[in-house]
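Asks: To start, I am sharing the structure in question, which I have written as structure tokens.
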Amino acid sequence: MNKLVLLKQYLLSKHIRRFSSRKAIQVYQNKKIKKHLAFVLTHSPFYQNYYQNHQLEWETLPVISKREMMDHFDELNTAGITKKEAFQLAAKAEKTRDFSPKINHVSIGLSSGTSGNRGLFLVSEKESAMWAGEVLAKLLPGSLMDEHKIAFFLRANNNLYESTKSSKISFHFFDLVEDLKTHQKRLHELKPTIIIAPPSMLRMIAEWKGNNLIDITPGKIISVAEVLEDVDKTFIEEIFQQNLHQVYQATEGFLATTCSHGVLHMNEDIIAIQKEYLDKEKGIFVPIITDFTRRTQPLIRYRLNDVLIERKTPCPCGSHFLALERIDGRCDDIFHGIHEQTGKKHMLFPDFIRRAIMLSSDDILEYKVTQKELFLIDIKLKVKNEKSVAEAMVLQELEKLWKENMLVLPKFTFTAYDLMASDRKRKRIENVIVELLVKT
Ligand SMILES: [Zn+2]
């Protein structure tokens with residue numbers, strides 16, 4: 001573990017690198033990307049071939065997605081690691097829950113996804129130290145010299161996370177596949193100063209605290225790995241009496257973090273973001289990222305499968321990094337309807353569904369809305385008072401939403417609320433129609 005690299009990145013990010021305008025960010029990124037491309041083109045056969053007939057202005061190079069990245073995995077990475085050996089190692093780690101083995105000092109990460117659609121990510125020791133420095137600079141309250149006990153809830157541990165350990169900072173991995181009682185006991189004994197977990201787990205922890213089952217008072221709480229819904233954010237903030245922070249981190253990189261005002265900013269000091277608008281007026285877009293620090297597995301003009309909403313007003317914190325209103329969800333979870341007149345397929349963003357639910361009744365504690373078929377939407381509600389009243393209000397709002405968009409009304413069904421905190425990724429708004437993904 002390269003402590004100097006970590007420290008350098010920490011200092012650069014926290015104290016040295018400052019950007020006075022959007023222009024300054026662009027100038028910096030262009031310089032970095034130019035240098036990075038020169039490296040990539042001499043070391044990655046995939047990119048050499050892919051860019052063969054293109055002008056090397058990075059902004060307009062052809063886009064790649066997880067599919068191209070995985071299809072050309074062996075030629076894309078610069079460490080000479082094959083997809084086969086990487087998969088073998090990652091699968092073994094998932095099974096044994098020992099995530100320490102590496103190939104030639106390179107850590108392997110496996111992203112979630114349906115089987116056959118999982119991504120493999122490679123990070124060298126230097127890159128992992130840089131990542132750790134960057135994460136600590138942006139997330140750690142106070143200084144590196146203070147004492148911190150970090151409880152981190154994850155589906156799989158990773159060498160990356162272990163790399164943040166030091167004598168002052170202790171790092172405690174909570175494996176989400178373990179049972180809840182074990183977590184409850186460990187948390188109570190550890191009394192972490194920082195908790196990092198998916199919102200479904202944070203909500204569970206907040207419930208324990210609310211019911212006096214655990215006695216903890218963390219100084220900072222950070223939501224990761226799932227879309228943070230307002231219904232959960234408010235609940236967690238009320239119990240812990242503090243702002244809930246957020247990290248937008250994927251195996252593809254450390255993408256965004258909340259500032260002191262609780263606003264998500266993209267980490268444009270390590271990644272350049274381009275926007276592919278789905279709805280420009282509403283600021284809804286899919287990000288195309290160019291990471292200019294990762295050399296082992298270069299990601300240039302890589303289209304993420306996420307829907308983000310930009311913030312229209314500048315953030316009071318003064319940062320010029322792109323500010324987000326929210327992370328809306330995965331592209332796959334956009335709902336679809338058929339236009340009454342044209343018969344064409346039309347998108348309904350998770351944000352529309354979320355707003356309709358929240359507008360309908362103050363009684364709603366938790367919810368889940370699933371598009372099961374093009375004309376079948378299932379709703380699960382957990383409410384304070386009379387359920388039938390809330391259901392009627394929700395039905396009214398959802399019908400209104402479909403009508404406003406001139407879409408053929410689907411059938412809305414209500415079933416019992418049965419969501420539990422578990423190792424599965426929780427989504428409150430989900431599209432489970434598989435065939436739609438291919439067509440759209
Ligand atoms: Zn801010």
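Asks: Can we say Tyr51 is in contact (Cβ under 8 Å) with a residue 40 or more places away in the chain and in the same structural domain as Val247 (by TED's automatic domain parsing)? Step through it out loud before you land on a result.
Replies: Working: in contact (Cβ under 8 Å) with a residue 40 or more places away in the chain: no; in the same structural domain as Val247 (by TED's automatic domain parsing): yes.
So Tyr51 does not fit the description; no.
Asks: Let me ask something else. Is there a residue in the range 398-412 that is open to solvent by 60 Å² or more (accessible area, probe 1.4 Å), outside any loop (DSSP other than H, G, I, E, B), of a type outside the set (Asp, Glu) and over 12 Å from Leu376 (Cα atoms)?
Replies: Step one: filter the range 398-412 for residues open to solvent by 60 Å² or more (accessible area, probe 1.4 Å), giving 400, 403-404, 406, 409, 411.
If we keep only those that are outside any loop (DSSP other than H, G, I, E, B) too, we end up with 400, 403-404, 411.
When the remaining residues are screened for being of a type outside the set (Asp, Glu), the result is 400, 403, 411.
Filter once more, so that each one left must be over 12 Å from Leu376 (Cα atoms): 400, 403.
The answer is yes; a qualifying residue exists.
Asks: Still on this model: Looking at Gln246, Gln241, which one is open to solvent by 10 Å² or more (accessible area, probe 1.4 Å), in the same structural domain as Lys23 (by TED's automatic domain parsing) and within 14 Å of the ligand (Cβ to nearest atom)? Full working, then the answer.
Replies: Details: Gln241 fails: within 14 Å of the ligand (Cβ to nearest atom).
Testing whether each residue is open to solvent by 10 Å² or more (accessible area, probe 1.4 Å), in the same structural domain as Lys23 (by TED's automatic domain parsing) and within 14 Å of the ligand (Cβ to nearest atom) leaves just Gln246.
Asks: Quick check on Gly219: is it in the same structural domain as Leu56 (by TED's automatic domain parsing), within 16 Å of the ligand (Cβ to nearest atom) and small (Gly, Ala, Ser)? Please lay out each step first, then the result.
Replies: Details: in the same structural domain as Leu56 (by TED's automatic domain parsing): yes; within 16 Å of the ligand (Cβ to nearest atom): no; small (Gly, Ala, Ser): yes.
Judged against the criteria, Gly219 is not a match.
Asks: Then there's this: Return the residues of the range 274-316 that are within 16 Å of the ligand (Cβ to nearest atom) and open to solvent by less than 50 Å² (accessible area, probe 1.4 Å); say none if nothing qualifies. First the steps, then the outcome.
Replies: Of all residues in the range 274-316, those within 16 Å of the ligand (Cβ to nearest atom) come to 308-316.
Matches in the range 274-316: Leu308, Ile309, Glu310, Cys315.
Asks: I need a count of the residues in the range 252-272 that are on the phi > 0 side of the Ramachandran plot, within 13 Å of the ligand (Cβ to nearest atom) and assigned to a strand (DSSP E or B).
Replies: Matching residues across the range 252-272 total 0.
Asks: While we're on this one: Is it the case that some residue within the range 46-63 is among the acidic types (Asp, Glu), more than 30 Å from Leu144 (Cβ to Cβ) and open to solvent by less than 90 Å² (accessible area, probe 1.4 Å)? Walk me through it before giving the result.
Replies: As a first pass, look at the range 46-63 and keep what is among the acidic types (Asp, Glu): 57, 59.
Filter once more, so that each one left must be more than 30 Å from Leu144 (Cβ to Cβ): 57, 59.
This time we only want the ones that are open to solvent by less than 90 Å² (accessible area, probe 1.4 Å), so: 59.
Yes - at least one qualifying residue is present in the range 46-63.
The values are calculated or read from the model by the stated rules, or taken from the named source; none is laboratory data. All values derive from a computational prediction rather than experimental measurement. With ideal geometry, Cβ positions are generated from the backbone for all residues, glycine too; neighbour counts draw on all protein chains shown. Heavy atoms of the whole protein, side chains included, go into the accessibility calculation; ligands, DNA and RNA do not. Shrake-Rupley method; radii C 1.70, N 1.55, O 1.52, S 1.80 Å.
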